[in-house]
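Written below as structure tokens is the structure these notes are about.
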């Protein structure tokens, strides 16, 4: 059944093999592996049970498949139980077993458990592979322990480990995520000095980091170094630059980069268009933002929730409530589900324009969809009602917020105190702020 085109076909062939009495451990392992890699752990467990019932003893490979399936689902307790069973059956975990578990724990953010498995691996005499080392370095970087990942790399290199581009990329990405661009750049330089060629991903990560740290010049330097190595920017790298220019307010440069990506034969996606729309929104040029939206539609690129939320936000701030409402209706008609940011934008925009009844309807809509409003949403509504002199409603919303288990922040109290001071007719029963 290895040549089967689908799981259904493979399962049918497997059942025939079992019925004919020719299914062996390899037959079971292959189907279990297929199910686990497809995320169907329950189905894999059914095959596992059938295997045991038919007197077939599982191998280390069998356990590795099941452990992988559970790790991918985040079911680390189940994975650890299977790991314990390996020992109970007098089988020996191999480098793959340990590497899968280490990766699973890191992806759950459980660094200590991951390293504990690594130490068990070393103590049992199993030699870690490059995959194991890369898993540890990548895992440490992703859980915010990038300096520790770099120290681990230095330690492993002394033991003979040869890092790959992917190894360095993990550490660079970790430092960028932490906002430590000096450390990220130092790792990049070390990588180049050691003769490891950076990839598109290396440069895209660095460009993104420099753009987000408002250092567009260094981002452009990275682009130049990239080109000097004969590496062309991909659509992700172009979008990173466009977004960086837009956030800096340099729309002209953003447009130039957009034109450049077209000249390179690349097709802009929804993320690129969203960056352009956001850029024009940020300089209060909603006519241009709408033109980019229309251009996007004409190019056959589907809008997403970010597209509509950005446009609605800009239009509400521009006082164009009717057009914002039309876009919101269009968004819903396309079955695009509003997220918490969309609702925040709507309530904030409507409240600031004195449209408190409509803002309340949006809040009610959130309730109907089972979404919990944020503190920011309540602060906006409370401030709006104070501004309109609706003190009773303002304090009702405050009480409602408390009933939901939301904890007021400093802004909430500033709004409440300010509203109380400005009121000449503050109700005594609402005086407990």
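Since every read-out is calculated from the coordinates, none of them should be taken as a lab result. Everything numeric in this text was worked out from a predicted model, so none of it was measured. Neighbour counts run over all protein chains shown; Cβ positions are idealised from the backbone, glycine included.
What percent does the relative contact order of the chain come to when contacts are Cα pairs within less than 8 Å and at least six residues apart? Mind dumping the intermediate values first?
Values: 495 pairs, mean separation 23.0, N = 433.
Over the chain, the number comes to 5 percent.
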Mind checking the log10 I(q)/I(0) for the stretch 129-232 at q = 0.17, 0.20, 0.21, 0.24 Å⁻¹? Debye, one equal scatterer per Cα, no solvent, two decimals.
-0.72, -0.97, -1.06, -1.30
What is the order of 358, 281, 89, fewest Cβ neighbours within 10 Å to most?
89, 358, 281
Computed over the chain: longest principal axis from alpha-carbon atoms vs helix 130-142 long axis, angle to nearest 10 degrees, is 20 degrees
May I ask for the angle, rounded to the nearest 10°, between helix 111-123 and the longest principal axis of the chain, with both axes built from Cα atoms and the value confined to 0 to 90°?
10 degrees
Using a 10 Å cut-off around each Cβ, can you sort 305, 337 from fewest to most neighbouring Cβ atoms?
337, 305
What is the Rg over Rh value, at two decimals, for the stretch 237-333, using alpha-carbon atoms and the Kirkwood definition of Rh?
0.97
Specify the angular offset, from 0 to 90 degrees and rounded to the nearest 10, of the alpha carbon long axis of helix 95-107 from the longest principal axis of the alpha carbons in the chain.
10 degrees
Stretched out fully, how many nm does the piece from residue 333 to residue 267 gain, at 0.36 nm a residue minus the Cα gap?
21.1 nm
Computed over the chain, the distribution of all Cα-Cα distances in 10 Å bins, rounded to whole %, is 4, 16, 16, 20, 22, 15, 6, 1, 0
The chain: calculated mean residue ellipticity at 222 nm from DSSP helix runs of at least 4, using -39500 (n - 2.57):
-23000 deg cm²/dmol
